[in-house]
Amino acid sequence: MERRRYAPGMARQQPGTVETPPVRAAHRVRRSFCFVDLSGFTNLSNSEGDDVAVGELSTFRATVRAVGSATGVRVAKWLGDGAMLVGLEPIGLVSAVLEIFRRCESQNLALPLHGGVVEGDVVLFEGDDHVGSSVNLAARLADLAGPGQLFAPVDLVPGIERSSAVIGPVSLPGFADPVVVADLALVPELVESHDL
């Protein structure tokens, strides 16, 4: 039987247990996040069949990849009939998402898109995942958005607060305070005027 030697002050590990690595300080980064989904995917799959639904999904994903490659927006993860996108700054990400909306519409997708976009500080977890309330807020805004809508906090894009895109304060699950929201899909020109 093998005997382990222990240095003074070293904890003894119980046989059969896994040693956990030391906890490191969280690495925080500022990023922009968008959740974008096909609206009505489950209904389409149920009414038209899986093959039709997968065709829509294939077109959506190809469009997201093409726009992401051209704009520097990264797909953080695919989520069935949607995607979580990450950008370094909000205007570029919103412009990319609006371009995804336009291209999907011009390709005559049967399903419109909807999404939520937010900027904020998050923990970069294990080098490839983002954890924090900004990610959660983007997901909640996407859930709230209807077909063709792209919801964001009103302060995300300068000038939005004075536009017709403002919806007003909304209560979201998991957030104590209401968030004043705008539909950025209503004002693509305003967004693009900031995207130099």
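Some observations on this one:
- Net +/- balance of residues flanking A83 in space, Cβ distance below 13 Å, scoring K and R +1, D and E -1: +2
- Taking amide H atoms as placed 1.01 Å from N in the peptide plane, the amide H of G148 lies under 5 Å from those of L113, H114, each 5 or more residues away in sequence or on another chain.
- Rounded if a/c under 1.5, otherwise prolate or oblate - the stretch 140-196, Cα gyration tensor axes: prolate
- Counted by Cβ distance under 11 Å from V179, the other residues give a net charge of -1, where Lys and Arg count +1 and Asp and Glu count -1.
- A cut-off under 10 angstrom between Cβ atoms defines the neighbours of D121, and their net charge, with Lys, Arg +1 and Asp, Glu -1, is +2.
- Within the stretch 28-148: Cβ-based charge dipole about Cα centre, in debye rounded to nearest 20 (Lys, Arg +1; Asp, Glu -1): 380 debye
- Principal axes of the stretch 28-148: Cα extent on each, largest first, Å: 44, 26, 25
- For the peptides 176-183, 140-147, 94-101, residues were scored by their other Cβ atoms within 10 Å and the scores averaged per peptide; the highest-first order is 94-101, 140-147, 176-183.
No lab work stands behind these numbers, since they all come straight from the coordinates. This is a predicted model, so every value here is computed, not measured. Here Cβ is always computed from backbone atoms with ideal geometry, including for glycine, and neighbour counts include all displayed protein chains.
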